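The values are calculated or read from the model by the stated rules, or taken from the named source; none is laboratory data. Since we're looking at a predicted model, the values are computed, not measured. With ideal geometry, Cβ positions are generated from the backbone for all residues, glycine too; neighbour counts draw on all protein chains shown.
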Ligand SMILES: *[C@@H]1O[C@H](CO)[C@@H](O)[C@H](O)[C@H]1NC(C)=O
Ligand SMILES: *[C@@H]1O[C@H](CO)[C@@H](O)[C@H](O)[C@H]1NC(C)=O
Ligand SMILES: *[C@@H]1O[C@H](CO)[C@@H](O)[C@H](O)[C@H]1NC(C)=O
Ligand SMILES: *[C@@H]1O[C@H](CO)[C@@H](O)[C@H](O)[C@H]1NC(C)=O
């Protein structure tokens with residue numbers, strides 16, 4: 001009895017404390033700002049990837065009716081595999097130009113729905129799989145004023161629908177899983193005889209009715225192995241030997257976190273110390289309880305998960321540490337901001353991922369500060385006015401804003417007589433660090449800084465800060481532009497470079513830091529990255545750099 005009473009009392013204390021915390025956070029002036037960039041981009045942004053020329057490749061699917069954007073020059077696509085329109089003269093992909101805030105239609109030939117991809121070292125996007133006639137296809141997109149998709153019909157061994165890709169130290173991509181695919185393969189292949197490899201972990205984590213392990217959360221650990229989280233647990237995986245190196249404990253509570261119980265996950269910032277990264281942590285947040293997908297099909301919309309689990313994957317005996325978000329969320333996107341904070345954005349607080357199964361949009365983004373003490377890490381930001389439910393996306397761009405698009409496409413692109421109409425509005429969220437009142441403290445990287453370098457190179461960056469400069473609070477970060485779909489950002493990683501904390505004044509309001517480039521392709525695969533100078537938690541506009 002006394003112990004039950006104590007538990008109850010503690011529970012009451014905690015819930016009151018939590019409630020108070022939420023109230024104070026929401027009543028203190030929320031920060032961050034939303035801007036409607038385009039009232040109608042013609043398609044729904046289901047997949048997004050930023051390119052190194054500040055343009056964004058966006059696409060939805062090809063087989064669900066006419067979009068609101070015509071193809072260029074009266075072109076049409078004829079496809080007998082498409083269910084709704086055999087001849088479709090509308091676009092299902094666009095290139096959005098961040099700088100001019102304009103977009104143009106692109107033409108994709110086969111179905112790219114629920115696919116995956118990566119930006120690769122030469123600045124092209126290599127995208128894999130999709131649905132129907134597109135499920136074995138590899139497509140390449142290289143940006144230029146008139147470029148369009150190029151398709152390689154038989155690029156994959158197995159169909160890849162809801163798979164996750166990751167760029168590897170070798171420069172190839174690994175493509176993991178997909179619906180009813182308990183295996184992985186690589187692209188490009190090293191030889192014609194290269195096969196797909198079984199991954200029993202995907203069988204073990206496959207809930208026969210609910211799946212709950214699609215779009216697994218995959219991160220390249222700094223030891224070269226892959227961390228793969230599916231359903232409610234994770235492994236450390238040596239893909240070259242097809243060997244499980246480590247089994248991580250199940251996430252406390254055991255609730256699923258992957259599609260259709262879609263939560264999200266990030267690899268927390270990697271701090272390089274003495275040319276190495278010794279602490280590697282993953283944060284998994286939100287999702288929907290087991291059964292939520294089936295319940296939603298029957299009109300019952302379960303409350304989303306409120307918990308996050310954080311684990312030091314580099315620890316010899318890793319344990320999950322649970323935290324509670326101020327708002328429960330399914331289908332949230334977790335993005336690394338240039339400062340190393342994590343933005344949690346989009347999604348709903350009821351239901352599940354899947355067409356028509358989400359309810360109660362959560363319009364408030366939340367920022368998570370990984371270095372704050374436990375219990376003081378979350379902050380609620382200004383809400384959007386637009387629900388961003390299933391099939392919404394978010395990506396970080398060079399100026400520190402976050403582009404947000406998509407939500408709730410319907411078969412036939414219905415805009416009326418549906419709860420959440422197919423969403424064509426395209427927005428940007430400006431985190432509080434972009435507040436103009438901070439402009440005096442914002443670093444500006446000066447032209448002439450080195451933008452191409454090799455592993456371990458010494459790189460000099462010059463920058464300007466007009467206001468009071470605190471050299472103790474400067475850091476230099478590098479962010480990999482990720483491929484975002486279904487609440488997961490593939491290849492997302494942020495590096496805090498060594499030497500970024502030693503600032504040398506070189507003139508009036510101008511300073512220099514000499515940083516060391518990441519030491520190896522295990523810590524940062526060769527690619528384009530966005531580099532930022534951060535001062536007092538305020539990032540400069542980023543510059544594109546090319547590593548490796
Ligand atoms: C897009 O929608 C608008 C408004 O409903 C309509 O006038 C226009 O014809 C549509 N365009 C296409 C290509 O469907
Ligand atoms: C800079 O950071 C490194 C660790 O990354 C630390 O060893 C060093 O003392 C720091 N230097 C200054 C000037 O803060
Ligand atoms: C980097 O750190 C890891 C983890 O502490 C260690 O196992 C590894 O040997 C280190 N690598 C180098 C090159 O020092
Ligand atoms: C969308 O529109 C189509 C065609 O008018 C209709 O058959 C379908 O039921 C609509 N979908 C929803 C979810 O209302």
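Structure notes:
- Set 414, 408: member being out of contact with any strand residue (DSSP E or B) (no Cβ under 8 Å at 6 or more places or on another chain) and part of a loop (DSSP other than H, G, I, E, B): 414
Here's the yes/no breakdown for (1) within 16 Å of ligand 1 (Cβ to nearest atom); (2) in contact (Cβ under 8 Å) with a residue 12 or more places away in the chain; (3) surrounded by fewer than 19 Cβ atoms within 10 Å (Cβ to Cβ):
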{"residue": "242", "(1), (2), (3)": "no, yes, yes"}
{"residue": "251", "(1), (2), (3)": "no, yes, no"}
{"residue": "254", "(1), (2), (3)": "no, yes, yes"}
{"residue": "276", "(1), (2), (3)": "no, yes, yes"}
{"residue": "282", "(1), (2), (3)": "no, yes, no"}
{"residue": "291", "(1), (2), (3)": "no, yes, yes"}
{"residue": "304", "(1), (2), (3)": "no, yes, no"}
{"residue": "307", "(1), (2), (3)": "no, yes, no"}
{"residue": "317", "(1), (2), (3)": "no, no, yes"}
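- Residue in the stretch 449-470 that is at pLDDT below 95, in contact with a strand residue (DSSP E or B) (Cβ under 7 Å, 6 or more places away or on another chain) and either farther than 30 Å from residue 161 by Cβ or assigned by TED's automatic domain parsing to the domain that holds residue 271 (or both) present: yes
- Pairs, first within 18 Å of residue 100 (Cα to Cα) and free of Cβ contacts under 8 Å to residues at least 24 places away in the same chain in the stretch 44-70, second more than 16 Å from ligand 2 (Cβ to nearest atom) and assigned to a loop (DSSP other than H, G, I, E, B), C-beta under 9 Å, six or more apart: none
- Some residue of the stretch 498-513 being within 30 Å of residue 393 (Cα to Cα) and outside the structural domain of residue 56 (by TED's automatic domain parsing): no
- Flag for residue 353 being in a loop (DSSP other than H, G, I, E, B), out of contact with any helix residue (DSSP H, G or I) (no Cβ under 9 Å at 6 or more places or on another chain) and within 20 Å of residue 256 (Cα to Cα): no
- Within the stretch 417-434, being part of a loop (DSSP other than H, G, I, E, B) and more than 17 Å from the chain's Cα centre (by Cα) holds for 417, 418, 419, 420, 421, 422, 423, 424, 425.
- Within the stretch 515-541, the set of residues being farther than 9 Å from residue 478 by Cβ and in a loop (DSSP other than H, G, I, E, B) comprises 519, 520, 521, 522, 523, 525, 526, 536, 537, 540, 541.
- Taken over the stretch 334-358, the residue count meeting the criterion of being at pLDDT 95 or above, over 19 Å from the mean Cα position of the chain (by Cα) and farther than 21 Å from residue 427 by Cβ is 3.
- Residues in the stretch 452-490 that are in a loop (DSSP other than H, G, I, E, B) and closer than 13 Å to residue 532 by Cβ: 480, 481.
- Of all residues in the stretch 427-450, exactly one satisfies the criterion of being over 28 Å from residue 381 (Cα atoms), surrounded by fewer than 14 Cβ atoms within 10 Å (Cβ to Cβ) and in contact (Cβ under 8 Å) with a residue 12 or more places away in the chain, namely 448.
- Residues satisfying the stated conditions in the stretch 193-234, i.e. part of a loop (DSSP other than H, G, I, E, B) and closer than 14 Å to residue 284 by Cβ: 205, 212, 213, 215, 216, 231, 232
- Only one of the listed residues (150, 192) is out of contact with any strand residue (DSSP E or B) (no Cβ under 6 Å at 6 or more places or on another chain) and more than 23 Å from residue 488 (Cα to Cα). That residue is 192.
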